[in-house]
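I have placed the structure first, in the form of C-alpha cells, so that the comments after it can refer back to it.
Derivation of every value follows stated rules applied to the coordinates shown; laboratory data play no part. The structure displayed is predicted, hence computed values, not measured ones. No Cβ is skipped: glycine too gets one built from the backbone with ideal geometry, and neighbour counts run over all protein chains shown.
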Amino acid sequence: MRLDVQLGDRAYPILIGTDLLRVTGHLREAIAGKQVLILTDENVAPLYLQAVLAALDGLRTSTVTIAAGEASKTLANAERVFDALAALGAQRNACLIALGGGVVGDLGGFAAALWMRGIDFIQIPTTLLAMVDSSVGGKTAVNLAHGKNLVGAFWQPRRVIADIATLSTLPDREYRAGLAEVVKYGAICDGAFLTWLEDNTNALNDRSTSAIAHAVLRSCQHKAQIVARDERETGERALLNFGHTFGHTLETLGRYQTWLHGEAVAIGMTMAAQLSAHLGMAPQGDAQRLATLLRQFGLPTTASESAHSIVELMRLDKKTLSDVLRLILWRGVGRAEIVENVAPADIIASLQNAANGPAVPASATTLFSRVLD
Ligand code: NAD
Ligand code: GLY
C-alpha cells in the first residue's frame with residue numbers, strides 16, 4: 001500500500017506492507033547518491049540491519065548503532081552520527097536511513113537536517129508508534145537536560161517504509177503503547193475508525209497482520225493529511241497532541257521510568273476526555289467509551305498521582321504559572337478541539353471526580369519538565 005504526504009516539491013510516499021525490507025527496490029530507488037549512513041539501535045540491529053544492508057549493495061555504507069531508549073536522543077549521539085558521516089565522506093547527496101523506533105527516527109532526522117545543512121533521510125520505522133506517528137511529519141529532535149525535544153528541526157523524510165513484519169519482534173508492552181496513538185486518530189477525527197477499532201480489538205490484540213495493516217494505513221492517512229495542511233503546527237496539527245499534556249506530565253512525574261509514552265498518552269486521553277465531559281463539552285458516555293477501548297487494548301487509563309501535582313506540573317510545563325491552560329479537549333468521538341482557557345481548578349475537580357481510590361501525592365521533578373511535542 002502506498003499513500004503520499006502532499007507537501008509540494010517535498011512530497012513523499014509512505015509504503016506500508018509485510019515484505020518491504022526484502023524488496024530492495026523500495027529503498028534503493030529513493031537513494032540519489034553513493035553514501036548511506038544507517039542509524040539504528042542495539043535491539044533492532046541484530047534483527048533487521050542485514051536486510052537493509054543487503055538492499056544497499058554497491059553503495060558506500062556505514063552504520064551507527066546507539067543504545068536503545070530515550071536516553072540516547074542526545075546531542076552527543078548526534079555528534080557520533082556527524083563523525084560517522086564525515087568518516088564516510090558524506091556529500092550533500094548522501095542519505096541517512098533511520099532504522100528503528102521513534103528514538104532512532106527523531107535523532108536520525110535531526111542529524112540529517114543539520115549535516116551540510118540538510119541531506120536526504122529515509123525512515124524505516126520498526127515500532128507501531130513510529131509507524132503511525134513519529135516517522136511521518138518531519139518533527140525531529142534531541143533532548144536536553146532542560147527539556148525533551150527542545151532542540152530540533154522540521155525535516156521531512158524522502159520516504160517512509162513501514163514493514164509490518166518487523167512488528168512481530170516488538171515486545172508486547174511497546175506494541176500496546178503504539179495502539180494508544182492509533183486510538184488517538186479515531187478519537188480526534190474519525191469516529192468510524194474508532195468503531196472499527198472497537199470491532200477489531202481481538203484481531204489487534206492477536207496482532208493480525210491485516211488488522212495492523214489497516215490500522216497503520218488509516219492512522220498514516222490522517223497524519224499525512226493533517227501534516228499537509230499544517231506542517232509547522234500553527235493550528236490543526238496541535239490536535240495530534242490530544243492527551244499529550246496530561247501524558248507528558250505523568251511521564252515526568254514517573255521520571256520516564258513508570259510509563260511508556262503511549263501508555264501515558266492513553267491515560268492522558270482518558271483524563272482529557274473526562275475533563276471535556278466535566279466541562280459539558282463532550283458526552284460522559286463517549287469518555288467512558290474511549291476508556292473502555294483503551295483498556296481492551298491492555299492500556300492504563302488511570303494514574304495514582306494527585307490531581308494537584310499533575311496540574312502544578314502542567315502549569316510549569318507551559319513555562320508560566322498562568323491562571324488558564326491551553327489544552328486539546330474533546331467534543332466527543334471524532335472531534336477534538338483546541339481550548340485556550342482551561343481553568344486549573346476545573347482540571348483538579350475533574351481529576352478528583354474521576355480518581356479511583358485515594359490520590360497518592362507525588363513530588364514534581366525537573367527532569368524534562370519542559371516538553372515540546
Ligand atoms: P523507541 O525508539 O525507544 O523503541 C522502543 C523499544 O523497542 C526500544 O527498546 C527499541 O530498541 C525496541 N524496538 C524497536 N523496534 C523493534 C522491533 N521491531 N523489534 C524489537 N524491538 C524493537 O520508542 P518509540 O516508542 O518507537 O518512540 C518513542 C520516541 O518517539 C520518543 O523519543 C518520542 O519523543 C518520539 N516521538 C516523536 C514523534 C514525532 O513526531 N517526531 C511523535 C511521537 C513520538
Ligand atoms: N506527534 C505529533 C506531531 O507529529 O505533530
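What to note about this one:
- Pairs of Cα atoms in the stretch 167-258 fall into 10 Å distance bins, from 0 up to the last occupied one, in shares of 15, 42, 34, 10 percent.
- Net charge dipole size for the chain [Lys, Arg +1 and Asp, Glu -1 on Cβ; Debye, nearest 20]: 580 debye
- Rg to Rh quotient for the chain, alpha carbon positions, Kirkwood Rh: 0.97
- Between A54 and A153, the simple label model (points 7 Å from Cα in the Cβ direction) yields a spacing of 3.4 nm.
- Over all directions, the projected convex hull of the C-alpha atoms in the stretch 95-178 averages 5.5 nm² in area.
- Residue order for T301, T40, fewest other beta carbons within 10 angstrom first, comes to T301, T40.
- Compared with the alpha-carbon gap, the fully stretched path from D9 to M281 is longer by 93.9 nm at 0.36 nm per residue.
- When +1 charges are put on Lys and Arg Cβ atoms and -1 charges on Asp and Glu Cβ atoms, the dipole computed for the stretch 203-327 relative to its Cα centre reaches about 200 debye.
- Pairs of alpha carbons in the stretch 1-94 whose separation is greater than 19 Å (percent): 53 percent
- Farthest toward positive dipole pole in the stretch 145-297 [+1 Lys/Arg, -1 Asp/Glu at C-beta], among M269, G254, W196: G254
- Degrees between helix 307-317 axis and first principal axis of the chain (Cα, 0 to 90, nearest 10): 50 degrees
- Of every Cα-Cα pair in the stretch 223-292, the percent that sits beyond 18 Å: 50 percent
- Cα gyration tensor of the stretch 196-345 - equivalent ellipsoid semi-axes, whole Å, descending: 26, 19, 16
- Amide H to amide H distances under 5 Å link L56 with no residue, where only residues 5 or more positions off or on other chains count and H is placed in the peptide plane.
- Proximity of backbone amide H atoms, modeled 1.01 Å from N, is registered between L144 and N149, L150, V151 at under 5 Å, excluding neighbours fewer than 5 places apart on the same chain.
- Distance between the 7 Å Cα→Cβ label points at E340 and A76: 4.3 nm.
- The 3J(HN,Hα) values that the Karplus relation (6.51, -1.76, 1.60; θ = phi - 60°) gives for the stretch 36-48 are, in residue order, 9, 10, 9, 9, 8, 10, 5, 7, 7, 3, x, 8, 10 Hz. Gly and Pro appear as x.
- Only the Cβ atoms of Lys and Arg (+1) and of Asp and Glu (-1) were treated as charged; on that basis the dipole of the stretch 1-103 about its Cα centre amounts to roughly 260 debye.
- The simple spin-label model puts a point 7 Å past each Cα toward its Cβ; for R229 and R255 those points are separated by 4.2 nm.
- Among E29, E233, E337, residue whose mean-square fluctuation peaks in a GNM of the chain (springs only between Cα atoms under 10 Å): E29
- When F121, F297 are arranged by Cβ crowding within 10 Å, least crowded first, meaning fewest neighbours, the order is F297, F121.
- Coordinate range of the alpha-carbon atoms in the stretch 124-216 per principal axis, descending: 41, 29, 27 Å.
- Selected from F242, F154, F110 as most flexible by GNM, with the chain as the system and alpha-carbon contacts under 10 Å: F154
- Linear extension gain, K34 paired with S210, 0.36 nm per residue minus alpha-carbon span: 59.8 nm
- Springs between Cα atoms under 10 Å define the GNM used for the chain, and in it the highest mean-square fluctuation of A228, A343, A273 occurs at A343.
- Calculated FRET value between L88 and W196, using beta carbons and R₀ = 45 Å, to 0.05: 0.50
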